[in-house]
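Before any comments, here is the structure.
No lab work stands behind these numbers, since they all come straight from the coordinates. Just so it is clear, the structure is predicted and the values come from calculations on it, not from any experiment. Note that each Cβ is placed from the backbone with ideal geometry, even for glycine, and that neighbours are counted across all protein chains shown.
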Amino acid sequence: MFKKMIVTTLLVSLGLAGIDVAQAAETPDVQTIVEKTNLVAYYQGDDGRSTVRMVITSKQGQTRERLFNIVRKDVQDGGDQNYFVYFQRPADVRRMSYMVHKHVGGKDDDRWLYMPSLDLVKRIAAGDKRTSFVGSDFLYEDVSGRGLDEDVHELAETTDAFYVVKNTPKKPETVEFSYYNVSIDKKTFVPMKMEFYDKEGKLYRVIESKKVENIQEFPTVTVSLVQDLKSGSKTEMTFSDVKYNIGVGDIFEERYLRRPPQEVTK
């Protein structure tokens, strides 16, 4: 009887070990997870275009709106890419343009902002990329994404639905956060929630994907919400008329900021 119990226990242990090994084999390594997530979040198709309605809500409940078009074109899948943003309304931002030449591999992105009221093209310094994007709770860096090589990635948790990745900046002196966690949908690799923690380890900023739709067979975030827990303000962006692989031309030049082409304005 004692011998039989030992054998049974051993078989059960082996069975459980086999399940754990199988589960581990199904979980990608953290680098694979963040690379897939980056492609889904920023590189769907070779290019893309959408109209964005942005609603900024203060702690007191006052709202402001922005309406703009955003066009993207990849130089290389998972690598360099370009963005062009053109504002339609309200009147104080109408015809304002924002352009990004995103670089990977450690090189700083190139960013420009055209302000029609001053007829001025302003170069946005690398140190300003984590400042407010046109008065909203989104940051300039949020538009084109943070470079994967800027952080150390760690798989902090795996749940039934999500991979939770902890990201710690390699150069903490250049950012206002100590780390941020990203909850990634295990099926689609869409980042569903980003939680930023300040230098004291307190949660202060949250970005959520509130709605995800399948567009041209690409899982696409169509409603995104960011909350500033310190100020109490929030900003929601709703993406409409989303299209991929539309054949965007060579429009990402500084000279087009003052007179954007139809790919951006129409």
Acute angle (nearest 10 degrees) that the helix 30-42 long axis makes with the longest principal axis of the chain, alpha-carbon atoms:
30
Taking springs between alpha-carbon atoms closer than 10 angstrom, which of Lys186, Lys170, Lys102 fluctuates most in the Gaussian network model of the chain?
Lys170
Based only on other Cβ atoms within 10 Å, what is the fewest-to-most ordering of Asp142, Asp149?
Asp149, Asp142
What are the lysines whose alpha-carbon lies under 17 Å from the alpha-carbon of Lys199, with same-chain residues fewer than 8 places away excluded?
Lys166, Lys170, Lys171, Lys230
With a 10 Å Cβ neighbour count serving as the proxy for reagent exposure, in which order, fewest first, do Phe218, Phe138 appear?
Phe218, Phe138
Convex hull of Cα atoms in the chain, direction-averaged projection (nm²):
18.1
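Highest mean first, how do 53-59, 43-49 rank when packing is the count of other Cβ atoms within 10 Å averaged over residues?
Values: 53-59: 16.0, 43-49: 19.7.
Going by the mean number of other Cβ atoms within 10 Å, highest first, we get 43-49, 53-59.
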Acute angle (nearest 10 degrees) that the helix 2-26 long axis makes with the longest principal axis of the chain, alpha-carbon atoms
10
Mind checking which lysines have their C-alpha under 17 Å from Lys234, skipping anything on the same chain fewer than 8 residues away?
Lys59, Lys193, Lys210, Lys211
Cβ-based exposure ranking for Lys129, Lys193, in which fewest neighbours within 10 Å come first:
Lys193, Lys129
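Using DSSP to define loop residues, name the GluC sites (Glu not before Pro) in the range 183-266 whose beta-carbon has at most 15 other beta-carbon atoms within 10 Å.
Values: sites: Glu195, Glu200, Glu208, Glu213, Glu217, Glu236, Glu253, Glu254, Glu263; in loops: Glu200, Glu217, Glu253.
Those that pass, being in a loop and sparsely packed, are Glu200, Glu217, Glu253.
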Using a 10 angstrom cutoff on alpha carbons, build the Gaussian network for the chain and name the most mobile of Asp119, Asp92, Asp137.
Asp119
